[in-house]
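The values are calculated or read from the model by the stated rules, or taken from the named source; none is laboratory data. Just so you know, these numbers come straight off a predicted model, no measurement behind them. Cβ: placed from backbone, ideal geometry, glycine included. Neighbour counts: every protein chain shown. The accessibility values were calculated without ligands, DNA or RNA, using every heavy atom of the protein model including side chains. Shrake-Rupley method; radii C 1.70, N 1.55, O 1.52, S 1.80 Å.
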Amino acid sequence: MPTSSSQIDTEFSGISVTATYPPHNGLAVGPNNIVMVEGSRIEWTNLAGGSPTVQSTYNFFSSLSPTGGLYDQRCVYDPIISATS
């Protein structure tokens, strides 16, 4: 039987891009943030509260000067970087 600590306390809708099939999405959850990417949008939510931030993946990665399209997104939680931040 689940304990109260294993229950979901907060629900959120996330982003939804219905223009692509199959959907290309990614999700990573860390101790402080949730990051979701789907289609051409990226969204991150601070678990301390507040509204999520949504941005185009092209704007998010603009400093890298990507050429072509940004396809098959992935999100990865890196506990080593998070521990040193």
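Taking the listed residues Thr3, Thr84, Thr45, Thr57, the one that is modelled with pLDDT under 80 and open to solvent by less than 100 Å² (accessible area, probe 1.4 Å) is Thr3, with no other qualifying. Scan segment 54-63 and give yes if some residue there is touching a residue at least 40 places away in the same chain (Cβ under 8 Å) and of a type outside the set (S, T, N, Q), otherwise no. No, because not a single residue in segment 54-63 is touching a residue at least 40 places away in the same chain (Cβ under 8 Å) and of a type outside the set (S, T, N, Q). The set of residues in segment 49-66 that are within 18 Å of Leu27 (Cα to Cα) and either of a type in the set (Gly, Ala, Ser) or part of a loop (DSSP other than H, G, I, E, B) (or both) comprises Ser51, Pro52, Ser56, Phe61. Within segment 63-81, the only residue that satisfies the criterion of being open to solvent by less than 70 Å² (accessible area, probe 1.4 Å) and of a type in the set (S, T, N, Q) is Gln73.
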